[in-house]
1. Does the stretch B:249-273 hold any residues that are touching a strand residue (DSSP E or B) at 6+ places or on another chain (Cβ under 9 Å) and at pLDDT 95 or above, and which are they?
2. So, in the stretch A:57-69, exactly how many residues are at the interface with chain B (Cβ under 10 Å from one of its Cβ atoms) and under 18 Å from the mean Cα position of the chain (by Cα)?
3. Would you call residue C:76 more than 7 Å from every other protein chain (Cβ to nearest Cβ) and in contact (Cβ under 8 Å) with a residue 40 or more places away in the chain?
4. How many residues, within the stretch B:12-23, are at the interface with chain C (Cβ under 7 Å from one of its Cβ atoms) and under 17 Å from residue A:41 (Cα atoms)?
5. If a residue must be within 18 Å of residue B:38 (Cα to Cα) and out of contact with any helix residue (DSSP H, G or I) (no Cβ under 7 Å at 6 or more places or on another chain), how many such residues does the stretch B:245-273 contain?
6. Consider residue B:206 against the criteria (1) without any contact (Cβ under 8 Å) to a residue 60 or more places away in the chain; (2) closer than 20 Å to residue B:85 by Cβ: it satisfies all of them except one. Which criterion is unmet?
7. Considering each of B:81, B:26 in turn, give the residue that is facing chain C (nearest Cβ under 9 Å), outside any strand (DSSP E or B) and at pLDDT 95 or above.
8. Within the stretch A:232-273, how many residues turn out to be closer than 22 Å to residue B:250 by Cβ and part of a loop (DSSP other than H, G, I, E, B)?
């Protein structure tokens with residue numbers, strides 16, 4: 001199934017508009033190109049709305065958010081909704097500051113998202129309306145483990161029902177869920193968290209996958225999460241004793257560039273709950 | 001000829017001010033350093049004007065353009081004109097949105113450019129005043145091929161005459177022209193388009209080359225285009241079966257860092273029409 | 001001594017807020033992760049103040065400064081002071097324009113810095129109130145050499161006394177000083193200046209080191225400078241004939257990721273004056 005989904009990405013080459021932070025934007029662009037998509041970035045309100053219209057999908061990432069880009073996010077999100085385009089939210093740092101929490105909640109209220117991807121602390125903030133995120137990383141206390149997986153899956157499904165969006169919570173075990181069904185994914189490597197922006201990259205990847213597969217957004221989002229994790233595994237095998245997080249970053253994007261749909265199909269590790 | 005031009009870049013180490021997008025800015029800075037130049041970036045109006053004055057050249061790139069940076073581009077461009085500095089325009093996404101098209105046309109009206117570098121769709125937008133650019137990539141219908149090369153060369157020369165700028169249209173075949181003379185360049189690799197920002201990098205490279213060679217801007221711009229393409233070829237030879245677009249990006253900048261003027265002279269593939 | 005200091009960084013994993021330029025921000029984030037710290041970036045005034053409060057340290061870097069981020073810098077700096085957090089200033093391009101010089105002086109007046117790291121031209125600008133910086137690089141005339149080292153050390157100590165901050169001047173010979181004591185450091189490679197942002201990376205590294213070692217900020221800042229230089233040396237040894245500044249950039253961050261506290265202790269080259 002994931003094979004066909006990834007083939008659709010490669011074949012359709014979805015153009016993805018990203019309103020995103022300036023920290024990881026270059027890696028997001030290269031990751032989109034690596035998966036077969038095409039990136040474009042605009043953040044001035046009028047420009048963002050117009051660029052949204054010529055694209056197939058939109059990613060809204062609230063890292064390095066400011067008062068100028070907030071209206072762009074809202075306007076572009078609404079425009080994407082009008083056009084029936086896929087829209088993915090990455091609530092970077094929701095729970096870490098009032099501006100970020102409020103913005104995430106405001107976006108959730110005004111824009112209908114196809115999918116929302118964040119770490120467990122960010123997603124809990126969206127669900128509860130407040131949070132105690134440790135910066136842009138998940139709180140240790142929140143982490144999804146084999147012990148609390150059942151409860152986490154229920155929580156994620158419930159939020160998916162409530163928001164109408166696919167919810168992708170990424171961490172050691174990833175959960176990608178709609179109201180009645182969840183993919184629990186065990187691809188990936190812990191070392192990926194030593195690279196800035198692997199989460200942001202996954203969010204734009206998710207946009208490309210759901211855009212190229214409008215009829216099966218849950219499976220497409222799950223495929224994107226598996227693909228990112230699998231590339232983390234492939235890239236890790238390539239690491240020498242001298243390589244660190246900078247080379248690892250490059251190797252993961254390289255792995256996505258080289259990944260075939262058949263390899264993705266074969267390399268995925270998930271169960272459906 | 002290109003040997004001497006490149007030697008001038010290495011020897012003079014031109015300081016190049018870049019008002020550019022935040023997607024590819026880091027690669028632009030490293031590419032400038034790789035060729036022997038020196039980068040500086042400022043985009044607040046007053047700062048941009050003052051920084052322009054201490055530099056030798058200015059690149060204006062309209063990707064991720066906003067209402068704050070637009071006046072900076074106009075003011076810095078005019079100041080560079082007053083000082084007789086070289087100014088290069090990269091009309092990223094002209095034709096893809098009203099803001100970008102209008103801004104490119106406005107800049108063209110208010111600033112005298114030494115050179116303009118874009119893909120064929122962006123350049124056609126400048127020529128016609130409107131366009132249908134597919135995001136930041138060229139429309140397939142517009143592409144320069146052996147079949148339509150004669151017409152394309154005439155079109156580019158005509159625009160060069162009209163604007164007084166050297167026009168560099170890059171793609172599978174690159175055309176770098178002034179009113180009466182055009183270099184048709186066949187360096188480069190198609191895989192370069194799978195890296196974000198190779199066009200932006202070429203624009204800052206062009207600024208460095210024309211700044212270090214004020215008396216032969218056409219040849220300098222053509223040398224920059226050849227150098228970029230040649231580095232794409234050299235870097236491609238280095239690719240292993242595990243390398244993808246992220247490593248390729250690094251290898252191209254590395255290749256520029258290592259390229260000697262003699263190697264450039266020997267590796268160029270062009271004809272003058 | 002540096003061994004223990006670096007172990008504290010790895011063990012405490014300080015969360016460092018960076019208000020910094022968009023040119024080198026991604027490298028700063030990956031360098032922070034490489035050393036064992038954790039990065040977060042915010043530049044909207046309210047957000048910046050709130051994010052400052054949840055972090056241990058703050059870096060203020062004035063590259064690509066604008067009228068929106070200036071109040072953020074001032075407000076975040078003051079908040080960090082109230083909370084007793086460490087704050088490091090990187091006065092990028094002070095002396096190159098009025099906005100940058102004035103901003104650096106204003107910050108110096110309104111915020112109490114734990115450390116200030118810049119090249120010699122930027123630091124001289126802070127001391128004298130004006131300067132003639134060549135863009136973002138040091139003027140050749142200003143450079144610290146064995147011949148003028150005594151005078152330079154006196155100058156740096158004097159500025160440290162006057163500002164109450166540790167002053168770190170980096171170049172071929174680095175000087176890290178408080179009022180009565182200076183570390184003269186000879187780690188590093190001249191090729192590091194062919195990479196954009198090695199100075200910015202060192203500034204965030206310095207923030208991580210002083211944050212994790214609040215009782216010995218001078219030694220911590222000196223350890224950060226030694227660590228960066230040592231990683232430049234280690235990475236240089238790894239360079240092949242095809243590698244240039246792009247790969248070198250990655251290798252330096254990789255080297256920091258792999259560096260052990262014991263290796264740092266062993267590899268430092270300094271004298272105390």
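1. In the first step, residues of the stretch B:249-273 are kept if they are touching a strand residue (DSSP E or B) at 6+ places or on another chain (Cβ under 9 Å); the result is B:268-273.
Matches in the stretch B:249-273: B:268, B:269, B:270, B:271, B:272.
2. Here is the first cut: in the stretch A:57-69, the residues at the interface with chain B (Cβ under 10 Å from one of its Cβ atoms) are A:64, A:68-69.
With under 18 Å from the mean Cα position of the chain (by Cα) added as a condition, the list becomes A:64.
Adding up the residues that qualify gives 1.
3. Working: more than 7 Å from every other protein chain (Cβ to nearest Cβ): yes; in contact (Cβ under 8 Å) with a residue 40 or more places away in the chain: yes.
Judged against the criteria, residue C:76 is a match.
4. Keep residues of the stretch B:12-23 that are at the interface with chain C (Cβ under 7 Å from one of its Cβ atoms), which gives B:15, B:22.
Filter again for under 17 Å from residue A:41 (Cα atoms), leaving B:22.
Summing the residues that are at the interface with chain C (Cβ under 7 Å from one of its Cβ atoms) and under 17 Å from residue A:41 (Cα atoms) in the stretch B:12-23 gives 1.
5. 2
6. Residue B:206 satisfies all of (1) without any contact (Cβ under 8 Å) to a residue 60 or more places away in the chain; (2) closer than 20 Å to residue B:85 by Cβ except (1).
7. Numbers: B:81 fails: facing chain C (nearest Cβ under 9 Å).
Result of the check over B:81, B:26: B:26.
8. 7
The values are calculated or read from the model by the stated rules, or taken from the named source; none is laboratory data. On a predicted model such as this, the values are computed, not experimentally measured, just so you know. Positions of Cβ are backbone-derived with ideal geometry, glycine not excepted, and every protein chain shown enters the neighbour counts.
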